[in-house]
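Notes follow the structure.
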Amino acid sequence: MLDADFTIHLNQSFSFSIKQATPLSGGDINAVFLLTTDQGNFVIKINDAQRFPEMFSLEKLGLESLAQSKSFITPEVLGVGTFKSKSYLLLEHIESGKPSVDFDEIFAQNLAKMHQTTSAFGFQKDNYIGSLPQYNTEEASAADFYIKQRLMPQFKMATDRGFAFGDVDLLYKSIPDLIPNEPAALIHGDLWGGNFMVNSDGNPVLIDPATCYAPREMDLAMMRLFGGFNENIFIRYHEVFPLCEGWKARIKLWQLYYILVHVNLFGGHYYNTANSILTTYI
């Protein structure tokens, strides 16, 4: 439940009257509520302002960047703020539904369109991947970006926490010859099955991004890591926006970043998976 002072703050800030706050699943980082108000329904995400500084303003930036690509539907951001020790993000509530008959086609087309939005490798600001910092300093190439802004910080964090790895320098030396020299693509950045939903019209909606301009194969590799996406999406995507030769051999290379994130969040068997991938490429 929302406490009385916070409820008053929200009512005054957004000119509505909250009738009910219903908890939704929000994971380990955020508390998430469906707000039923006299002005309609909204979703609010709440977390610890000190533990996760700027998380919601950065999520707002990511959602707005995805929306500007005119590809996927994303929830409109209605407000970002702090109250006492809390940070919050107020979002449009999107009613969920069942996938339309052409859902896979729409998803593939939208993903290709999003990935065709280009800029320099990096992003306006560093942001988050889950609860971990994600670095987005501009780099000149896909290889430099993936090594310096993705792998190096995660390997360092894991090593500082006591995990030991093989010869990562050898991996870094091999990467420029392994990955294609494609333009940076606007990517969701954390595209697993829990970060999309289906709206009442049966269309895909992206949520909870870790947005940046990066190698587009990162999104596709993450989609394959934990499942939740029909194979038809990948087939149609490749028809619309063909991947460079050798893409299958690179899937685990891109997945290494996300596995390292899970090593740093959860440890356990993810560490063995990371080492196994590492030995594949050195």
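Every number here is computed from the coordinates shown, using simple stated rules; none is lab data. Note that the coordinates shown come from a computational prediction; the quantities given were computed from them, not determined experimentally. Cβ atoms come from the backbone with ideal geometry, glycine included; neighbour counts cover every protein chain shown.
Ordered by the count of other Cβ atoms within 10 Å of each Cβ, fewest first, ILE251, ILE259 give ILE251, ILE259. Take every pair of alpha-carbon atoms less than 8 Å apart whose residues are at least six positions apart; their mean separation over the length of the chain yields a relative contact order of 18 percent.
Viscosity 1.002 mPa s, temperature 20 °C: what is the translational diffusion coefficient of region 80-212 from Stokes-Einstein with a Kirkwood Rh over Cα pairs, rounded to a whole number of µm²/s? Reported coefficient: 122 µm²/s. For region 235-262 and region 114-171, what is the separation of their Cα centres, given in Å? Region 235-262 and region 114-171 have Cα centres spaced 16 Å from each other.
Residues HIS238, HIS269, ranked from the fewest to the most other C-beta atoms within 10 Å, line up as HIS269, HIS238. Hydrodynamic estimate: the Kirkwood radius of region 172-253 over Cα pairs, inserted into Stokes-Einstein at 4 °C and 1.567 mPa s, corresponds to D of 93 µm²/s. Between helix 55-68 and the chain there is an angle of about 80 degrees, using the helix long axis and the longest principal axis of the Cα atoms. The ellipsoid that matches the Cα gyration tensor of the chain has semi-axes, each √(5λ) in whole angstrom, of 34, 23, 16, with the longest given first.
Can you tell me the dipole magnitude for region 63-153 around its Cα centre, using point charges on the Cβ only (Lys, Arg +1; Asp, Glu -1), in Debye to the nearest 20?
Around 340 debye, computed over region 63-153.
Expressed as an acute angle from 0 to 90° and rounded to the nearest 10, what is the orientation of the C-alpha long axis of helix 269-280 relative to the principal long axis of the chain? Helix 269-280 and the main axis of the chain meet at about 30 degrees. Between ILE251 and THR36, residue separation times 0.36 nm minus the direct Cα-Cα distance comes to 73.1 nm. For region 4-92, treating each Cα as an identical point scatterer without solvent, what Debye log10 I(q)/I(0) comes out at q = 0.14, 0.15, 0.25 1/Å? Log-scaled intensity ratios, in q order: -0.49, -0.57, -1.38.
Label zone of VAL240 (point 7 Å out along Cα→Cβ, amide N under 13 Å): in region 45-78 this covers 70-73.
Taking Cα atoms, how many degrees apart are the long axis of helix 4-14 and the longest axis of the chain, rounded to 10 and kept between 0 and 90? Between the helix axis and the principal axis of the chain, the angle is about 80 degrees. Computed per residue of the chain from DSSP H runs no shorter than four, each worth -39500 (n - 2.57), the mean residue ellipticity at 222 nm is -12000 deg cm²/dmol. From least to most packed, judged by other beta carbons within 10 angstrom and beginning with the fewest, ASP167, ASP219, ASP28 follow the order ASP28, ASP167, ASP219.
Label point 7 Å out from ASP126 along Cα-to-Cβ: which residues of region 204-219 have amide N under 16 Å? Counting backbone N atoms under 16 Å from the label point, the list is 211-212. Between THR137 and LYS19, the simple label model (points 7 Å from Cα in the Cβ direction) yields a spacing of 5.2 nm. Rounded to the nearest 20 debye, the dipole size of the chain about its Cα centre is 380 debye, using +1 on the Cβ of Lys and Arg and -1 on the Cβ of Asp and Glu.
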